[in-house]
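The values are calculated or read from the model by the stated rules, or taken from the named source; none is laboratory data. From a predicted model like this one, the values you see are computed outputs, not experimental measurements. Virtual Cβ from ideal backbone geometry, glycine too; neighbours counted across all protein chains shown.
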Amino acid sequence: MQFDLTDLRLLVRTADEGTLTRAAARQHLSLAAASARIRALEEQAGTALFERQARGVRATPAGEAFVHHARGLLRQTEQLGAELQEYGGGLRGHLRVFANTTAVTDFLPELLPAFLAAHPRVSIDLQEKPNADIARGVRERRADLGIVAGQVDTTGLRAIHFSTDRLVLVVPRGHPLARRRTVAFVDTLEHDYIGMHGGSTLQAWLDRMTQELGRTLRLRIRLTSFDAMCRMVSGGAGIGVVPESAARRNVRTMRLVQVELADGWKWRERRLLQREDEALPAYAQELVDMLCRHFQPAAPAAARRRGRRRSKPDTG
């Protein structure tokens, strides 16, 4: 199909307004010109995109599909324009990073300020994604770098192991499980849980483990960060599973107790993903090196604790 951005904007605005007259006015087009553009799109598509009604128009199923993709194309165009403006203003680098929940909410907010301060002409687009989408995004060039945990299909990608973390249970002081040094996940399911949002890979993993046990996770609330989870647990609203790094940070200041999980899947290897056949720009490689240096001191001890365990399933 042949169309331009004016066609896409007109299509979206017609769907939003429900009338071609108002959509044409917003596009600064005459009604006749707008109608001709819509007819041309319909001829190319080979089907009607709008149903004409007494008081306006309504998108057909084909029209709704077209509008959905048109919105995506317009968003990408806006992003392209914004990035080009940044380059015109002196920006020398733009880095797209897809990362799992732990990276986005736990350690990257601590590390990225120093990187950005050292690279004032570099910007970063950081997006939280499930592990599988992260690898796919890097492979399809929608991201320059990916950060994952656990087993992920890395075909065509270079995977750099930069740290190992584990999942732990956090409970409020005085909770029945607070007296336990170690507990199996299945033995915690009779208690209320505080969880992460539905897009979190960690929450998806816990839901899967619960289903495999034939049980139901009694979620009281879903939150967007591990620190928020810890605050809710500290207040007595439930218990939660979080990365050990988040637990240690909050146990010192909240009424929390950290309890070890007996399950083998608690261990998580974090890896950086990049395209195998493509060298990173210097500033992107510096970010990779910075992450590896930051976690390097802890890596040997973690490896000894794991006793050369194989990578555990995706729980990022």
For the list (1) of a type in the set (Val, Ile, Thr); (2) closer than 18 Å to Gly199 by Cβ; (3) assigned by TED's automatic domain parsing to the domain that holds Ala228, I need the number of the one condition that Val183 fails. (2)
From Leu8, Leu29, Leu20, which residue is within 30 Å of His94 (Cβ to Cβ), surrounded by 12 or more Cβ atoms within 10 Å (Cβ to Cβ) and touching a helix residue (DSSP H, G or I) at 6+ places or on another chain (Cβ under 8 Å)? Leu8
Selection status of Thr60, touching a Pro at 6+ places or on another chain (Cβ under 7 Å) and either more than 30 Å from Thr14 (Cβ to Cβ) or modelled with pLDDT of 90 or more (or both): no
Looking at region 188-208, which of the residues that are touching a Gly at 6+ places or on another chain (Cβ under 6 Å) and in a helix (DSSP H, G or I) is surrounded by the most Cβ atoms within 10 Å (Cβ to Cβ)? Thr201
Subset tally (residues that are within 17 Å of Ala247 (Cβ to Cβ) and of a type outside the set (Gly, Ala, Ser)) for region 192-204: 5
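With respect to Phe66, is the statement that it is within 30 Å of Ala48 (Cα to Cα), surrounded by 11 or more Cβ atoms within 10 Å (Cβ to Cβ) and modelled with pLDDT of 85 or more true?
yes
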Filter region 130-178 for residues that are hydroxyl-bearing (Ser, Thr, Tyr) and in contact with a strand residue (DSSP E or B) (Cβ under 7 Å, 6 or more places away or on another chain); the one that is farthest from Ala237 (Cα to Cα) is Thr154
Mind listing just one residue for me: the one in region 134-157 that is among the small types (Gly, Ala, Ser) and at pLDDT 90 or above and, of those, surrounded by the fewest Cβ atoms within 10 Å (Cβ to Cβ)? Gly137
Before we move on, is Thr60 touching an Asp or Glu at 6+ places or on another chain (Cβ under 7 Å), over 23 Å from Arg293 (Cα atoms) and surrounded by 11 or more Cβ atoms within 10 Å (Cβ to Cβ)? yes
Cβ-Cβ under 9 Å pairs, at least 6 apart or on other chains, region 257-277 side among the small types (Gly, Ala, Ser), far side surrounded by fewer than 16 Cβ atoms within 10 Å (Cβ to Cβ) and modelled with pLDDT under 90: Gly264/Arg309
Do we have any residue at all in region 242-263 that's within 20 Å of Asp165 (Cα to Cα), among the polar types (S, T, N, Q) and exposed (fewer than 15 other Cβ atoms within 10 Å of the Cβ)? no
Could you figure out which of (1) of a type outside the set (S, T, N, Q); (2) in contact with a Lys or Arg (Cβ under 9 Å, 6 or more places away or on another chain); (3) free of Cβ contacts under 8 Å to residues at least 40 places away in the same chain; (4) part of a helix (DSSP H, G or I) isn't true of Glu51? (4)
Hey, can you tell me all the residues within region 37-56 that are farther than 15 Å from Phe66 by Cα and surrounded by 12 or more Cβ atoms within 10 Å (Cβ to Cβ)? Gly56
Show me the strands (runs of 3 or more DSSP E) found entirely inside region 211-297 where at least 3 residues are over 25 Å from the mean Cα position of the chain (by Cα), at pLDDT 95 or above and of a type outside the set (Lys, Arg). 256-261
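This table checks each residue for (1) in a helix (DSSP H, G or I); (2) without any contact (Cβ under 8 Å) to a residue 40 or more places away in the chain; (3) outside the structural domain of Thr14 (by TED's automatic domain parsing).
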site	(1), (2), (3)
Ser35	yes, yes, no
Arg39	yes, yes, no
Glu43	yes, yes, no
Thr47	no, yes, no
Arg58	no, no, no
Ala62	yes, yes, no
Ala70	yes, no, no
